[in-house]
Amino acid sequence: MAERPQAHQAGRLAWYSKSSLPPLAPHDILSPAEHEEYSAMSSGARREEFLQGRWALKRLLSAALETAAGGAEPELRQIVIPRLSSGALGPLRHPDGHALYPSVSHSRNYLAAACSRYPLGVDIEQTRPVDCLSVARRFFTASEVVQLEALKTDFERMRAFLQIWTLKEAFVKCEQSALARVLGRVGFQPGQQEQGRVLFRLVLPQDAGTGKAYEAFCCWPASDVCVGLVQAGIWPIHL
Ligand SMILES: CC(C)(COP(=O)(O)OP(=O)(O)OC[C@H]1O[C@@H](n2cnc3c(N)ncnc32)[C@H](O)[C@@H]1OP(=O)(O)O)[C@@H](O)C(=O)NCCC(=O)NCCS
């Protein structure tokens with residue numbers, strides 16, 4: 001019988017407005033390897049982004065790890081998030097034996113972080129003026145372009161565009177770029193709205209043949225920011 005997850009085992013998704021974050025000290029947050037990566041960054045803005053992302057991720061991971069460690073939340077700097085050679089993040093090992101997959105995303109004043117037992121990707125995008133239809137005609141599937149063309153206002157089109165865009169970026173992170181070659185043929189079809197999120201059905205080309213069950217959803221933490229999440233597995237994600 002399939003394992004029935006308990007509430008504390010659920011995956012987690014969190015987002016932040018960067019202007020509301022507390023002051024962050026690298027030595028409280030980063031592991032030695034992350035500190036090395038941080039120190040080698042030449043741009044101050046990139047260093048700040050990296051630090052904020054690791055802080056957000058490790059808060060989620062610390063809470064997820066605590067449930068197994070008998071109540072003791074590990075210190076953030078003790079949590080080591082593997083960095084793979086592709087640039088993607090690798091999974092951590094939970095003391096219970098299962099994997100914990102992290103993902104992080106930045107967009108101007110916003111930041112999103114997520115972790116779960118299944119590989120996942122998160123992407124956050126702040127709204128900006130963009131010619132949705134011409135970008136969509138380049139990167140989206142024919143059916144997604146039709147969805148956008150059918151919308152009546154630029155506002156509706158921008159929202160629908162950002163939902164699909166964040167899902168495609170999230171899919172690339174979830175698959176660690178492995179399926180980037182078929183990205184133009186990976187489709188997302190909007191379904192029902194549930195608990196503040198819009199659920200999507202993922203349509204993969206036959207030759208991608210991953211044989212996995214994916215979950216995908218978008219939400220709008222504020223009117224100017226969209227978050228897309230794709231998970232390669234069926235497991236609850238708490239916002
Ligand atoms: C890798 C990629 C997904 C990163 O997304 P982004 O919007 O540039 O940046 P984000 O802030 O959202 O995400 C950055 C995080 O992605 C992760 N990442 C970096 N390279 C990655 C890779 N090759 N695979 C998976 N995740 C990766 C990292 O965790 C990084 O944050 P960190 O360096 O602070 O740890 C993106 O650059 C990319 O290649 N996208 C696919 C290209 C494309 O065709 N897009 C069109 C969609 S329609």
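Points to keep in mind about this one:
- When residue 184 is tested against (1) within 11 Å of the ligand (Cβ to nearest atom); (2) within 24 Å of residue 84 (Cα to Cα), exactly one condition is not met: (2).
- The single condition among (1) surrounded by fewer than 20 Cβ atoms within 10 Å (Cβ to Cβ); (2) touching a strand residue (DSSP E or B) at 6+ places or on another chain (Cβ under 8 Å) that residue 212 does not meet is (2).
- Elements of type strands (runs of 3 or more DSSP E) contained in segment 76-161, each with 2 or more residues being hydrophobic (A, V, I, L, M, F, W, C) and free of Cβ contacts under 8 Å to residues at least 40 places away in the same chain: 99-107
Residue by residue, here is whether (1) more than 25 Å from residue 204 (Cα to Cα); (2) at pLDDT 95 or above; (3) touching a His at 6+ places or on another chain (Cβ under 9 Å) holds:
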| position | (1), (2), (3) |
| --- | --- |
| 57 | yes, yes, no |
| 73 | yes, no, no |
| 86 | no, no, no |
| 96 | yes, no, no |
| 105 | no, yes, no |
| 153 | yes, no, no |
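- Strands (runs of 3 or more DSSP E) (entirely within segment 178-222) containing at least 1 residues that are in contact (Cβ under 8 Å) with a residue 40 or more places away in the chain and small (Gly, Ala, Ser): 187-194, 215-222
- Output for segment 89-100, where each listed residue is over 23 Å from residue 225 (Cβ atoms) and either within 11 Å of the ligand (Cβ to nearest atom) or of a type in the set (Gly, Ala, Ser) (or both): 90, 97, 99
- Filter result (over 16 Å from residue 226 (Cβ atoms) and within 13 Å of the ligand (Cβ to nearest atom)) within segment 105-133: 115, 119, 120
- For segment 187-231, the candidate set comprises residues that are among the charged types (D, E, K, R) and over 23 Å from residue 126 (Cβ atoms); within that set, the residue that is farthest from the ligand (Cβ to nearest atom) is 194.
Conditions tested, residue by residue: (1) under 21 Å from residue 16 (Cα atoms); (2) at pLDDT below 95; (3) under 19 Å from the mean Cα position of the chain (by Cα).
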{"residue": "68", "(1), (2), (3)": "no, yes, no"}
{"residue": "78", "(1), (2), (3)": "no, yes, no"}
{"residue": "89", "(1), (2), (3)": "yes, no, yes"}
{"residue": "101", "(1), (2), (3)": "yes, no, yes"}
{"residue": "111", "(1), (2), (3)": "yes, no, yes"}
{"residue": "116", "(1), (2), (3)": "yes, no, yes"}
{"residue": "141", "(1), (2), (3)": "no, yes, no"}
{"residue": "160", "(1), (2), (3)": "no, no, yes"}
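The values are calculated or read from the model by the stated rules, or taken from the named source; none is laboratory data. From a predicted model like this one, the values you see are computed outputs, not experimental measurements. All Cβ positions, even for glycine, are placed from backbone atoms using ideal geometry, and neighbour counts span all protein chains on display.
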